[in-house]
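Report on one structure; see the data block that follows.
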Amino acid sequence: MTDRPNEGRGPCGESASKLKMDAEKIKQVIGKVRKGVFDAIAAVLPKEFCQHAGTMKKECLMALRSLLDDEIKRTDENMAEAQKAHERHEKKQG
């Protein structure tokens, strides 16, 4: 017998597999609710508005992606410079 009777269990003693199943069910229900709410809102808005709003969202996401891509590029460059600095330091020490 183990010293930890609730090891691998949730706060109320549920098994990890039951918690995972419950989480999946919750995600499914939330997805259905979200789709229902979205459909209800979209149904009352003009079609052109929904198209423009979707396009605007995509443009904003692409703008964010370009910022992230640029920051990733600069991070790579900084890492390369740091590596060179380490190599120069090791040469001086060696």
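Remarks
- Separation in nanometres of the label points that stand 7 Å from Cα toward Cβ, at Val37 and Glu81: 4.5
- Around Ala82: net Lys/Arg minus Asp/Glu count, Cβ-Cβ under 14 Å: -2
- Whole-Hz couplings from phi, Karplus 6.51/-1.76/1.60, listed for region 73-80; x for Gly and Pro: 4, 5, 5, 4, 5, 5, 5, 5
- Between the labelled values [x] 1.36; [y] 1.00; [z] 1.32, the entry that holds Rg/Rh (Cα atoms, Kirkwood Rh) as derived from this structure is [z].
Read the figures in this text as sums done on the coordinates, not as results from a lab. As the structure is a prediction and not an experimental result, all values here were calculated from the model. We place every Cβ from the backbone using ideal geometry, glycine too, and count neighbours over all the protein chains shown.
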